[in-house]
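The values are calculated or read from the model by the stated rules, or taken from the named source; none is laboratory data. All figures in this text were calculated on a predicted structure; none of them were measured in a lab. Ideal geometry is used to build each Cβ from the backbone, glycine not excepted, and the neighbour counts take in all protein chains shown.
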């Protein structure tokens with residue numbers, strides 16, 4: 001299997017890398033310090049077509065594929081993860097459910113602005129009391145005439161409270177199956193709908209320039225036609241979305257891990273101790289060599305998962321492996337990079353401090369490391 005990129009893919013990756021270095025790197029630290037959302041960067045990414053990468057030209061997209069999105073996510077995360085997760089969540093969790101499962105009317109109404117980056121969408125799955133147990137959803141939607149009446153709450157929802165957020169797709173219990181289990185469905189709730197309240201932004205350890213909120217639904221009414229896909233298929237829908245999203249998070253994780261290598265190499269050449277650059281010492285050389293090894297191996301894992309997905313093959317196990325390994329080595333590399341930088345690694349003026357804070361959530365979001373191990377074990381027949 002050949003994982004070498006095509007000329008077009010290399011050009012896309014190079015363009016994303018240059019954008020990250022020229023447009024994101026100079027301003028992102030200020031956004032982190034002030035906990036502000038980088039609207040100007042989002043607008044620039046929209047003009048570049050990054051939000052439309054995996055979507056067809058019919059809806060204003062670039063006609064690319066999911067792997068193209070992953071390549072861009074990796075390059076963005078080499079510089080900053082807040083911007084990368086904003087793009088990932090907007091595409092994979094926000095627009096993709098509508099693209100995959102929406103009616104033609106829903107696609108025509110919502111997708112054009114989403115794929116241009118002029119608007120953002122969010123995916124309301126996680127709840128305050130359920131976490132990894134998505135099947136334990138308590139948010140309910142009752143059909144009252146030609147309207148769904150939604151009551152419940154969602155937690156940790158990315159891109160849900162920006163000035164350009166246009167909708168949230170919400171998972172809710174819509175009935176009971178013949179076997180007594182919950183019937184789960186997904187429903188589109190436009191921003192500004194009465195009864196839909198966005199709580200104040202979380203104060204987070206990392207991803208300080210991304211947008212994350214708790215959401216509340218109190219007798220929130222939306223038209224019956226806002227049902228996304230077939231009623232009762234919500235569980236299957238979000239499992240598919242999460243499987244794909246794990247490849248994207250793996251790519252983002254690889255980007256952070258590689259960014260740690262980049263910063264460590266730069267610092268090891270510039271920093272002198274005991275009369276010579278610290279990069280001349282074998283202890284530092286071996287540490288950075290291990291970091292590069294981990295990033296390279298994790299990259300191959302997400303390349304493999306993406307290739308299987310695009311080939312129409314089963315990729316659930318490979319996506320879980322890629323997400324699990326890449327997220328854990330991202331944490332490893334962030335810790336190692338901080339150690340290479342010594343006391344300066346603990347200072348906010350150095351990027352590795354931001355990488356360290358951003359890395360841990362990668363082992364939690366879109367399926368914890370424990371959930372990934374469960375998926376792998378079950379797929380092995382255990």
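Here is a yes/no grid of residues against (1) assigned to a strand (DSSP E or B); (2) touching a strand residue (DSSP E or B) at 6+ places or on another chain (Cβ under 7 Å); (3) without any contact (Cβ under 8 Å) to a residue 12 or more places away in the chain:
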site: 111; (1), (2), (3): no, no, no
site: 114; (1), (2), (3): no, yes, no
site: 118; (1), (2), (3): no, no, no
site: 121; (1), (2), (3): yes, yes, no
site: 126; (1), (2), (3): no, yes, no
site: 130; (1), (2), (3): no, no, yes
site: 143; (1), (2), (3): yes, no, no
site: 148; (1), (2), (3): yes, yes, no
* Structure fact -> Picked from region 1-35 (must be surrounded by fewer than 12 Cβ atoms within 10 Å (Cβ to Cβ) and in contact (Cβ under 8 Å) with a residue 60 or more places away in the chain), the residue nearest to residue 164 (Cα to Cα) is 33
* Structure fact -> Considering only strands (runs of 3 or more DSSP E) wholly within region 159-201, the ones with at least 2 residues that are free of Cβ contacts under 8 Å to residues at least 40 places away in the same chain are 165-176, 196-198
* To do: Hey, can you tell me all the residues within region 161-174 that are closer than 17 Å to residue 134 by Cβ and either out of contact with any helix residue (DSSP H, G or I) (no Cβ under 6 Å at 6 or more places or on another chain) or at pLDDT below 95 (or both)?
  => 168, 170, 172, 173, 174
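Of all residues in region 314-324, count the ones that are free of Cβ contacts under 8 Å to residues at least 60 places away in the same chain and either surrounded by fewer than 23 Cβ atoms within 10 Å (Cβ to Cβ) or more than 16 Å from the chain's Cα centre (by Cα) (or both).
Qualifying residue count for the region: 3.
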* Could we say that residue 225 is out of contact with any strand residue (DSSP E or B) (no Cβ under 8 Å at 6 or more places or on another chain), in the same structural domain as residue 152 (by TED's automatic domain parsing) and modelled with pLDDT of 95 or more here? -> yes
* Before we move on, is residue 88 under 12 Å from the mean Cα position of the chain (by Cα) and either within 17 Å of residue 238 (Cα to Cα) or surrounded by fewer than 21 Cβ atoms within 10 Å (Cβ to Cβ) (or both)? -> yes
* Asked: Out of 353, 365, which single residue is under 25 Å from residue 212 (Cα atoms), in contact with a strand residue (DSSP E or B) (Cβ under 9 Å, 6 or more places away or on another chain) and surrounded by 14 or more Cβ atoms within 10 Å (Cβ to Cβ)?
  -> 365
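Residue-wise test of (1) closer than 23 Å to residue 86 by Cβ; (2) touching a helix residue (DSSP H, G or I) at 6+ places or on another chain (Cβ under 9 Å).
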site: 112; (1), (2): yes, yes
site: 118; (1), (2): yes, yes
site: 121; (1), (2): yes, yes
site: 124; (1), (2): yes, no
site: 131; (1), (2): yes, no
site: 137; (1), (2): no, yes
site: 146; (1), (2): no, yes
site: 149; (1), (2): no, no
